[in-house]
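Worksheet: one structure, shown below.
The values are calculated or read from the model by the stated rules, or taken from the named source; none is laboratory data. From a predicted model like this one, the values you see are computed outputs, not experimental measurements. Virtual Cβ from ideal backbone geometry, glycine too; neighbours counted across all protein chains shown. Ligands, DNA and RNA are excluded from the accessible area calculation, which covers all protein heavy atoms including side chains. Shrake-Rupley method; radii C 1.70, N 1.55, O 1.52, S 1.80 Å.
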Amino acid sequence: MYDLLLRHGQLLQSDGTIVAVDLAIQQGVIAAIAPQITEPAKQELDLQGQLVSPPFVESHIHLDSALTVGEPRWNQSGTLFEGIEIWRDRKQNLSLEDVKTRAITTLKQQAMQGVLFVRTHADVSEASLIALQGLLEVRETVKDWITLQVVAFPQDGIFGSSQNDHLMEQAMEMGADAVGGIPHYELTREDGVKSVHRIFELAQKYDRLIDIHCDEIDDDQSRFLEVVGACAIRAGMGSRVTASHTTAFGSYNNAYAFKLLGLLHRTELNFIANPLINITLQGRTDTYPKRRGVTRVKELWQQGMNVSFGHDCVQDPWYSLGTGNMLDVASMGLHVCQMTGTAEIDACYDMVTWNGARTLNISDRYGVEVGKPANLIVLDARDRYDAIRRRAIVSYVISQGKLLVSTEPPKTIWHRE
Ligand code: 17E
Ligand code: FE2
């Protein structure tokens with residue numbers, strides 16, 4: 001007797017093919033996938049030919065600042081720097097309760113839309129480390145229905161003030177999953193380089209992943225990605241390292257960009273683009289032509305490198321919009337990066353699913369395959385293209401073998417002939 005039987009699904013497999021199947025779940029694990037399963041189950045769902053996919057992966061979000069938009073004021077200039085100033089004021093008033101409540105509200109919003117794996121940044125430039133403490137507690141509270149990774153992120157720079165380096169070390173001891181950084185915001189270019197070396201040192205000392213906010217600026221001279229790449233090669237840990245944003249890559253001259261691509265090719269670095277926010281945040285010092293301020297997603301993907309898309313923000317000092325819907329992210333990425341070919345559209349879907357899982361280093365546990373943990377979503381869509389174009393509804397979310405969320409499609413009535 002199975003615990004849960006899903007009948008009549010169209011399973012999107014990791015190679016992109018779609019097959020008609022029934023899926024059986026037992027004790028939190030996918031027990032069987034076959035054209036027809038006849039054994040009984042305690043609970044059955046008829047999927048009516050809807051698309052079965054592994055869950056969405058949110059590879060980059062700031063849950064500590066989520067849902068604070070307008071507090072204490074609105075970001076009127078729309079720049080990264082005004083956002084950092086506003087957050088510096090808001091974070092004086094953090095409490096554990098405040099951080100946890102907003103984070104859990106956001107995670108529920110995400111899970112309702114099919115996100116079951118999340119990597120969040122936690123600002124560790126405050127001596128209290130309340131943002132980190134809060135998100136580590138949330139990681140524990142939600143672990144039965146969503147998997148959370150927490151990055152120790154020094155928003156004000158590791159060497160921007162004398163205490164921050166020590167706070168990074170403390171964050172590792174408290175149990176952060178990954179070491180973060182922001183080299184382009186350090187006081188000098190030299191400090192930026194030094195910060196990248198320090199990040200690798202901490203990651204190796206504490207055996208953690210790395211996820212660096214890297215070159216999130218339109219300055220074509222911001223070249224910390226090459227430092228991250230070089231450190232990854234020397235440390236032999238590329239697949240455990242992520243370069244987030246890298247928006248300056250969109251501004252580099254091609255001679256340098258091609259040289260850089262060659263270097264990156266020698267690593268197994270992961271890249272995260274956050275197209276919703278960076279299309280609004282970047283290009284603010286341009287008149288016309290106005291740059292897009294998003295990294296070279298298509299070229300990295302064409303070179304076979306791992307790229308995922310993140311939301312970055314849900315209603316915070318940097319971005320007043322945001323819903324947690326990963327199909328919104330995929331759609332914006334598709335537009336901004338001009339990924340309109342058929343394989344390119346499919347790749348945009350993969351960037352909010354499989355590629356995100358690879359970034360999070362959870363590929364061994366991720367995917368709708370027999371023997372893997374039963375995490376999956378059912379989309380009211382025919383295929384990846386249809387899902388992105390219509391921002392398809394996630395009808396069912398199955399987390400760790402159990403039904404977590406179900407959503408009915410809205411009903412629209414046409415009242416004329
Ligand atoms: N902090 C930062 O440095 N960059 C961002 N995009 C956000 C926070 C959201
Ligand atoms: Fe970010």
When the scattering of the stretch 296-401 is computed by the Debye formula from its Cα atoms alone, each counted once and equally, what is log10 I(q)/I(0) at q = 0.10, 0.14 Å⁻¹?
-> -0.30, -0.60
The chain: Cα Rg divided by the 2.2 N^0.38 Å rule of thumb | 0.98
Arrange the residues Ser65, Ser128 by how much accessible surface each exposes, largest first, with a 1.4 angstrom probe.
-> Ser128, Ser65
Report the extension gain between Asp207 and Asn93 in nm, rounded to one decimal, defined as 0.36 nm multiplied by the number of residues separating them, less their alpha carbon distance.
-> 37.8 nm
Rounded to the nearest 500, what is the 222 nm mean residue ellipticity of the chain from helices alone, with -39500 (n - 2.57) per DSSP H run of 4+ residues and division by all residues?
-> -10000 deg cm²/dmol
Where the stretch 283-381 is the region considered: accessible area per residue in Å², 1.4 Å probe = 37 Å²
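Stokes-Einstein D for the stretch 38-170 at 20 °C, 1.002 mPa s, Kirkwood Rh over Cα pairs, in µm²/s?
129 µm²/s
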Cβ-derived FRET efficiency at R0 45 Å, Leu263 paired with Ala34, nearest 0.05 = 0.45
Under a plain spin-label model, where a point goes 7 Å from the Cα along Cα-to-Cβ, how far apart in nm are His197 and Lys290?
-> 4.1 nm
Which residues does a label at Leu321 reach in the stretch 241-277, if reach means a backbone N under 16 Å from a point 7 Å past the Cα toward the Cβ?
-> 274-277
Leaving out ligands, DNA and RNA, what percent of the accessible area of the chain is carbon and sulfur, probe 1.4 Å?
-> 50 percent
Determine the relative contact order of the stretch 168-302: mean sequence separation of Cα pairs under 8 Å and six or more apart, normalised by residue count, in whole percent.
-> 21 percent
Hull volume in cubic angstrom per residue (convex hull over the Cα atoms of the stretch 192-292) | 94 Å³
In whole Å, what are the Cα extents of the stretch 1-96 along the three principal axes, biggest one first?
-> 60, 31, 20
Can you give me the relative contact order of the stretch 136-240 as a percent, contacts being Cα pairs under 8 Å and 6 or more apart?
-> 23 percent
Mind checking the dipole of the chain: about its Cα centre, +1 per Lys or Arg Cβ, -1 per Asp or Glu Cβ, Debye to the nearest 20?
-> 600 debye
Which entries in Lys91/Lys205; Lys108/Lys298; Lys259/Lys290; Lys194/Lys259 show an alpha-carbon gap greater than 27 Å?
-> Lys91/Lys205; Lys108/Lys298
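Which of the chymotrypsin sites (Phe, Trp or Tyr not before Pro) found in the stretch 77-142 are loop residues per DSSP with 10 or fewer other Cβ atoms within 10 Å of their Cβ?
none
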Scoring the stretch 315-417 by relative contact order with C-alpha pairs under 8 Å, at least six apart, yields a percentage of 19 percent
Pull up the DSSP beta bridges for the chain and report the antiparallel fraction as a percent, rounded to 5.
-> 40 percent
